[in-house]
Amino acid sequence: MLGLPAHVRACLFDLDGVLTQTAKVHAAAWKEMFDGCLRERAAREGTAFVPFDAVDDYDEYVDGRPRENGVEPYEGSVRFLHAVRAAGLRCAVVSSSANCRDVLEGAGIEDLFDERIEGVVAGDRGLRGKPAPDTCLEAARGLGLEPGAAAMFEDAPAGVEAGRAGRFGVVVGVDRTGQAEQPRAYGADVVVRDLAELLESR
């Protein structure tokens with residue numbers, strides 16, 4: 001039903017790049033929008049066009065500020081999450097982000113998770129970050145499951161490595177950039193461009 005092995009009883013998700021768009025994706029979108037406005041203004045005023053700096057300008061003027069449309073989750077990830085919950089599986093999010101709860105709430109998906117291990121929790125409990133499996137194993141413990149009964153969904157090599165090191169039942173690599181060989185090289189069992197592909201593989 002979910003494109004996962006039958007023994008899987010829970011799913012552990014990374015946040016950035018798996019469930020929600022990363023700051024890098026946001027920065028590129030803001031640059032495209034601002035460059036258009038700045039180019040028009042320069043032409044109108046007869047001044048030199050100075051492009052939006054996706055690093056410095058983004059950090060100073062955009063990052064961390066409330067966005068009218070909130071955080072943008074990946075539509076396929078939201079569909080997959082709802083299917084996972086409908087199938088009776090438990091869910092956790094494992095992220096180094098200190099504002100994980102705010103991001104989940106902004107994306108409208110906070111209520112879909114039974115467990116959340118974020119940067120602050122990891123620091124308080126002395127858990128090492130990925131590629132060490134500590135935070136992922138803590139999430140599995142919080143769900144009352146052995147790692148072998150859980151699937152992990154990761155977009156970064158360090159996360160895939162953590163899944164392998166923690167001996168999770170299946171590690172799904174999420175490749176948003178067209179480099180599927182990278183998660184495979186780090187030990188992903190399955191690689192998809194979008195989580196909705198798993199639903200379509202039924």
Do the conditions hold for Arg184, that is, is it of a type in the set (Lys, Arg), closer than 14 Å to Cys11 by Cβ and part of a helix (DSSP H, G or I)?
-> no
Qualifying residues in segment 16-45 (those that are touching a helix residue (DSSP H, G or I) at 6+ places or on another chain (Cβ under 6 Å) and open to solvent by less than 60 Å² (accessible area, probe 1.4 Å)) - the one modelled with the highest pLDDT | Leu19
Conditions (1) under 14 Å from the mean Cα position of the chain (by Cα); (2) modelled with pLDDT of 95 or more -> Ala150 fails only (1)
Before we move on, is Ala92 surrounded by 12 or more Cβ atoms within 10 Å (Cβ to Cβ) and modelled with pLDDT under 85?
-> no
Per the filter on segment 147-181, residues of a type in the set (Asp, Glu), open to solvent by 30 Å² or more (accessible area, probe 1.4 Å) and not in a loop (DSSP other than H, G, I, E, B) are Glu161, Glu181
Val103 meets each of (1) touching a residue at least 24 places away in the same chain (Cβ under 8 Å); (2) among the aliphatic types (A, V, I, L, M); (3) surrounded by fewer than 21 Cβ atoms within 10 Å (Cβ to Cβ); (4) over 23 Å from Met1 (Cα atoms) with one exception, condition (3)
Is one or more of the residues making up segment 189-197 part of a helix (DSSP H, G or I), without any contact (Cβ under 8 Å) to a residue 60 or more places away in the chain and under 18 Å from the mean Cα position of the chain (by Cα)?
-> no
Would you mind stating whether Gly159 is touching a Cys at 6+ places or on another chain (Cβ under 9 Å), within 13 Å of Leu12 (Cβ to Cβ) and at pLDDT 95 or above?
-> no
Can you tell me which of Ala180, Ala150 is touching a residue at least 40 places away in the same chain (Cβ under 8 Å), of a type outside the set (Ser, Thr, Tyr), more than 16 Å from Thr20 (Cα to Cα) and touching a strand residue (DSSP E or B) at 6+ places or on another chain (Cβ under 7 Å)?
-> Ala150
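The values are calculated or read from the model by the stated rules, or taken from the named source; none is laboratory data. Quick caveat, the model's predicted, so the values are computed rather than measured. Backbone-built Cβ (ideal geometry, glycine too); neighbour counts: all protein chains shown. Ligands, DNA and RNA are stripped out before the accessible areas are found, and what is left, the full protein with its side chains, is counted by its heavy atoms. Shrake-Rupley method; radii C 1.70, N 1.55, O 1.52, S 1.80 Å.
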